[in-house]
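Student: Please read through the structure below; I'll follow up with questions.
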Amino acid sequence: MSCGRVDAVGVTALRVDVPDFERPRDLAVVEDTDDSTGTQRVYVTALPDGPLSILEGTSALIWRAAQEHDELVASVAQLARANPESIRADVEQFVETLVAQGFLERRNG
């Protein structure tokens, strides 16, 4: 998250950039890292009776980054050591899939 100073009409205010996505309140989550491989896993299910899904590796990285960073593609590119423009379409499409499946929701405001 980044913070910056914004001046408007002689008043200085603090502007905080927040991610566009958040975890739905009815989503149960367990995060894990495989000790032998370092692979990140996120187990997600909608409560009370949704099916269990596993986000692994890059999928887990994108799911986390969508909630933690306001510049999602740039953040994923940095974490994955990839060119932002080469991954932009895939990241954006995957985030839309996560929203459609109920694993992320758009933040209001």
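Student: So, in nm, how far is label Asp20 from label Tyr43 when the simple model puts each one 7 Å beyond its Cα toward the Cβ?
Tutor: Roughly 3.2 nm, to one decimal.
Student: Can you put Ser75, Ser86 in order, fewest other beta carbons within 10 Å first? Display every interim value, and only then the final one.
Tutor: Details: Ser75 20, Ser86 9.
Lowest count first: Ser86, Ser75.
Student: In whole Hz, what ³J(HN,Hα) sequence does the stretch 43-51 give by Karplus (6.51, -1.76, 1.60; θ = phi - 60°), x for Gly and Pro?
Tutor: Once rounded to whole Hz, the list reads 9, 10, 7, 7, 8, x, 9, x, x.
Student: Report the calculated FRET efficiency for Arg88 and Gln67 (r = Cβ-Cβ distance, R0 = 25 Å), to the nearest 0.05.
Tutor: E between Arg88 and Gln67, to the nearest 0.05, is 0.85.
Student: Would you pull out the residues with amide H under 5 Å of Leu27's amide H, same chain only if 5 or more places away, H placed 1.01 Å from N?
Tutor: Residues meeting the criterion, in which the H sits 1.01 Å from N, are Leu47.
Student: Here's another thing I want to ask about it. Hey, what do the phi angles of the stretch 59-74 turn into as Karplus ³J(HN,Hα) couplings, whole Hz, using 6.51/-1.76/1.60 and θ = phi - 60°, x for Gly and Pro?
Tutor: Calculated HN-Hα couplings, in order: 4, 5, 4, 5, 4, 5, 4, 4, 8, 10, 10, 7, 9, 4, 4, 4 Hz.
Student: Find how much the distance from Asp35 to Arg81 grows on full extension, using 0.36 nm per residue of separation minus their present alpha carbon separation; answer in nm with one decimal.
Tutor: 14.4 nm
Student: Quick check: residue separation of Leu52 and Gln101 times 0.36 nm, minus the Cα distance between them. What number comes out in nm?
Tutor: That works out to 16.5 nm of additional length.
Values quoted throughout were computed directly from the atomic coordinates according to the rules given, and no laboratory measurement underlies them. As the structure is a prediction and not an experimental result, all values here were calculated from the model. Glycine gets a Cβ as well: all are built from the backbone with ideal geometry, and neighbour counts include every protein chain shown.
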